[in-house]
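Readers should treat all values here as calculations from the given coordinates under stated rules, not as data from a laboratory. All of these numbers come straight from a predicted model, not from anything done at the bench. As a convention, Cβ positions derive from the backbone with ideal geometry for all residues, glycine included, and neighbour counts pool all protein chains shown.
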Amino acid sequence: MARAGFACEDCGEVVWLAQGPTHVRWLRDREHVAREVGEHSSSGLDQWMSEGLRFIDEHRGHSILVVSNE
């Protein structure tokens, strides 16, 4: 199975998430939707989404790419 994640072009840090590139790209492009769901869901978000959103927060204002090992 291919895995994907985010890479920060500014600092070189990479996080691999337990999803393929399509899901990771969706999270990056619809960050606001995922955050809204997380706020109103009693069970919270899946771990890969929480990890991805944390990475986006930590690298806010940087260029973030979706990377894959396909």
- Site A2, offset 7 angstrom along Cα→Cβ, radius 13 Å on amide nitrogen, limited to segment 31-70, gives 66-70
- Would you tally the net charge around L45, using a Cβ to Cβ cut-off of less than 14 Å, leaving L45 out, and scoring K and R as +1, D and E as -1? -3
- Thinking of segment 4-68 as a set of Cα atoms, what percent of all their pairs are more than 15 Å apart? 46
- Note on the structure: Burial-style ranking of 15-23, 59-67, average other-beta-carbon count within 10 Å with highest first, yields 15-23, 59-67
- Note on the structure: Placing each pseudo-label 7 Å from Cα in the direction of the beta carbon, R25 and C11 end up separated by a distance in nanometres of 2.7
